[in-house]
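Below is one structure, written out as structure tokens; comments come after it.
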Amino acid sequence: FGFMRKSFCPRCGVETDKLFSGFCVNCFLEQKKPFVFPQKLQVDFCVKCGKVKYRNKLLPFSDKVFFDLVKANSKFSGLESPTIDLKQVQLNEKNAIGLFLVAGFAEGEKFSVEKSVQLDFMRVTCEDCSRVAGKYFEAIIQARFQPDVPKKEFEKKFAELEKVLSSNAEKDGLSKIVRRGFVSNGFDAYIGSKKAAKKAIGHFEKELKEQVKVSFKLHGWDLSKNRPMKRLTFSLRF
């Protein structure tokens, strides 16, 4: 009967089926460092919206975001055909701990090893949530109704507007109504993002009695883009 010959690692003494440069896989990785894998990372975590900042974007935390963060902070110069798999994630309020399986070829032999990474959440309030808290807005939607329309219809349409904006809030943190006011024949909704306001208007266009009227006022200067900042007002007539 055939049998597999066992070897012993001269560094730690463990019995193993394969030696890499004369060492077991763990000692080989410690000594030769064929890849660099992070043990701990930090990421900004907004306590208001629950999003994390990754590549200058605010994203809902997910396994994919965790995986991308770890991959971006890893180097595999000494491995052939390296692969990373995220096996599991333990999530709590302060951090996330992920168990990764790293595999590849070294010294002509295939190996795999488990690595644990701790991702610490740095609790902050993101720029979008800070703006919303400060009642920042880029657009006003002025909805007006026919004289015989009951006030309940105003409230119903306002709730529909909130729902439309909420559906886009994951992509645009300013897709929210930061201020509101009802008048005798309609309501005014102050929207954090003018892009979000434009999308919301698209939802209602088929119901409107006449074309949307758009006006604007200047409210400062955008230093990053070197141009004036505009607040848009959209007039909707139902």
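The values are calculated or read from the model by the stated rules, or taken from the named source; none is laboratory data. Please read these numbers as outputs of a predicted model, since none were measured by experiment. Using ideal geometry, Cβ is built from the backbone for each residue, glycine included, and neighbour counts are taken over all protein chains shown. Each accessible area value is taken on the protein alone, full model and side chains, heavy atoms only, with ligands, DNA and RNA left out. Shrake-Rupley method; radii C 1.70, N 1.55, O 1.52, S 1.80 Å.
For every residue, the table says whether it meets (1) of a type in the set (Ser, Thr, Tyr); (2) over 20 Å from SER112 (Cα atoms); (3) touching an Asp or Glu at 6+ places or on another chain (Cβ under 6 Å).
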site	(1), (2), (3)
CYS9	no, no, no
LYS18	no, no, yes
PHE37	no, no, no
LEU41	no, yes, no
VAL70	no, no, no
Subset of the stretch 160-171 [open to solvent by 20 Å² or more (accessible area, probe 1.4 Å) and either touching a residue at least 40 places away in the same chain (Cβ under 8 Å) or closer than 23 Å to GLU207 by Cβ (or both)]: GLU160, GLU162, LYS163, VAL164, SER166, SER167, ASN168, ALA169, GLU170
With a cut-off of at least 3 residues that are without any contact (Cβ under 8 Å) to a residue 40 or more places away in the chain and within 30 Å of GLY173 (Cα to Cα), name the strands (runs of 3 or more DSSP E) lying wholly within the stretch 1-116. 80-91, 95-106
Quick one: which of LYS71, LYS110 is open to solvent by 50 Å² or more (accessible area, probe 1.4 Å) and under 18 Å from the mean Cα position of the chain (by Cα)? LYS71
Search result, residues across the stretch 176-200 that are free of Cβ contacts under 8 Å to residues at least 24 places away in the same chain, among the small types (Gly, Ala, Ser) and in contact with a strand residue (DSSP E or B) (Cβ under 8 Å, 6 or more places away or on another chain): GLY181
Selection count where residues are outside any strand (DSSP E or B) and surrounded by 10 or more Cβ atoms within 10 Å (Cβ to Cβ), scope the stretch 212-229: 1
Cβ-Cβ below 8 Å, separation at least six or inter-chain, first residue in the stretch 201-219 and of a type in the set (Asp, Glu), second part of a loop (DSSP other than H, G, I, E, B) and modelled with pLDDT under 95: which pairs? GLU205/VAL212; GLU207/PHE238
Scanning for something closer than 30 Å to VAL70 by Cα, touching a residue at least 40 places away in the same chain (Cβ under 8 Å), among the small types (Gly, Ala, Ser) and open to solvent by 20 Å² or more (accessible area, probe 1.4 Å), does the stretch 132-139 turn up at least one residue? no
